[in-house]
1. Tell me the strands (runs of 3 or more DSSP E) entirely within segment 78-171 that contain at least 2 residues that are small (Gly, Ala, Ser) and touching a residue at least 12 places away in the same chain (Cβ under 8 Å).
2. Tally the residues that are more than 18 Å from Ala24 (Cα to Cα) and buried (at least 24 other Cβ atoms within 10 Å of the Cβ), restricting the search to segment 179-189.
3. Quick one: in segment 63-84, which of the residues that are farther than 15 Å from Leu26 by Cα and of a type in the set (A, V, I, L, M, F, W, C) is surrounded by the fewest Cβ atoms within 10 Å (Cβ to Cβ)?
4. Need pairs with beta-carbon distance below 6 Å; first residue on the phi > 0 side of the Ramachandran plot and within segment 258-275, second surrounded by 21 or more Cβ atoms within 10 Å (Cβ to Cβ); sequence gap 6+ or separate chains.
5. Right, Asp234: farther than 14 Å from Leu316 by Cβ, surrounded by fewer than 21 Cβ atoms within 10 Å (Cβ to Cβ) and out of contact with any His (no Cβ under 6 Å at 6 or more places or on another chain) or not?
6. For segment 198-238, name all the residues that are of a type in the set (Gly, Ala, Ser) and in a loop (DSSP other than H, G, I, E, B).
7. More than 25 Å from the chain's Cα centre (by Cα), on the phi < 0 side of the Ramachandran plot and of a type outside the set (Phe, Trp, Tyr), is that true of Thr182?
8. Anything in segment 251-293 that is in a loop (DSSP other than H, G, I, E, B) and hydrophobic (A, V, I, L, M, F, W, C)? List them, or say none.
Amino acid sequence: MDSILVTGNGPLSGQIPIAGAKNACLTLMPATLLSEEPLTLTNAPRLSDIKTMTELLQSLGAEVSSLQEGQVLAMSSHDLTSHTADYEIVRKMRASNLVLGPMLARLGQAVVSLPGGCAIGARPMDLHVEGLEALGAEIDLKDGYLHAKAPGGLKGAVHEMRFASVGATENIVMAATLAKGTTVLKNAAREPEIVDLVECLRKMGAQISGEGSSTIEIQGVDRLHGATHQVVTDRIELGTYMLAPAICGGEVELLGGRMRLVDSFAAKLDAAGIDVTETEKGLKVARKNGRVRSVDVVTEPFPGFPTDLQAQMMALMCTAEGTSVLEERIFENRFMHAPELVRMGANIEVHGGTATVTGVERLKGAPVMATDLRASVSLILAGLAAEGETTVSRVYHLDRGYEHVVRKLEGVGAKIERIKGQ
């Protein structure tokens, strides 16, 4: 099993190109199921999760070709052969459930495994189900699979979600594009990935308004056509690499970055003593004079502070001056990286959904283990600022969400290498 060796090496300098958004691409790919005509995505990230979604779409009979070294995905669903998303593929990645809405809308039926084989209540598939049932779907849970059908087709409705779930918003919006009549989705999620999805669907002929707000209106159409769409910049990768010069010092320009994608995050960096400025090519980040200041963080749905940047922000706070409190309100069990940071000399106390971090002068390198995608990169960031060597194991998580981490950080002066497993 591969690991990553990081050696603290001082300030960083240079440019890092930011890839297309993983979470946007994983949502855009199932949109191909809505039309018989081709859908082409450019600026696609080259990640293992994209390969998993490719495998799932191909299992349904869709054609998916990876072009230009993986940065272009050419897809066609003109001849679907199955409406069942099998557990063996779905278990690898939660975003697989996003085939539910499109298949139900176009085929009138879908059988989709629950992610990880869990009950609906254990993870919020109930929000997806409630929204699709509001459109007239009949959905039953049998043997770990959602069996959905809409014999007379889906019908527009007014539906208010109990929680602004990103995945449920995406599934319901895609399904509603082919429903009869008008759908009004209230308390919708507002993330840039949803705006990107709507822009793509609009290119395919969908009639949608209100994206980026809490109310989205969809006027159903009879059919959607093909389109070409560029995947939006990955705001989580952007935020992650913004933290590299914040932790190590120096100045780095993030190519393709835009402030509108990371407003709330950039505001916290500013409060901590980090300069973030927009340039013609992206965002430039530099640490101001002196030690980083502690700031409190509460994760919230967009446009609030992203839960997917909480672990990385904790790494920064480990050496900040003072004490910071990080409150996680989106996901449970999202402080599994804290014990690993403590192994590096961090002072962290976790109580339920709150972590209290008292900054120390310097972290020390240590062998640590990645527990999930964002935790893995937070340990790499901590290693960049630590004294000595840090070995991060179980980095297969990293490949799900970050392409060429070693190459990108090496390019700005970090001392980092990937060690192949035996």
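The values are calculated or read from the model by the stated rules, or taken from the named source; none is laboratory data. Treat the numbers as computed from the prediction; the structure is a model and nothing was measured. With ideal geometry, Cβ positions are generated from the backbone for all residues, glycine too; neighbour counts draw on all protein chains shown.
1. Details: elements: 109-113, 138-142, 145-149, 158-160.
Strands (runs of 3 or more DSSP E) meeting the threshold: 109-113.
2. So in segment 179-189, the residues more than 18 Å from Ala24 (Cα to Cα) come out as 179-187.
Keeping just the survivors that are buried (at least 24 other Cβ atoms within 10 Å of the Cβ) gives 179, 183, 185.
Of the residues in that region, 3 qualify.
3. Leu67
4. Cβ pairs passing all conditions: Gly273/Val292.
5. Working: farther than 14 Å from Leu316 by Cβ: yes; surrounded by fewer than 21 Cβ atoms within 10 Å (Cβ to Cβ): no; out of contact with any His (no Cβ under 6 Å at 6 or more places or on another chain): yes.
So Asp234 does not fit the description; no.
6. First pass over segment 198-238, keeping only residues of a type in the set (Gly, Ala, Ser): 205-206, 209-210, 212-214, 220, 226-227.
Residues satisfying the conditions are Gly205, Ala206, Gly210, Gly212, Ser213, Ser214, Gly220, Gly226.
7. Working: more than 25 Å from the chain's Cα centre (by Cα): yes; on the phi < 0 side of the Ramachandran plot: yes; of a type outside the set (Phe, Trp, Tyr): yes.
Yes.
8. Correct list: Val262, Val292.
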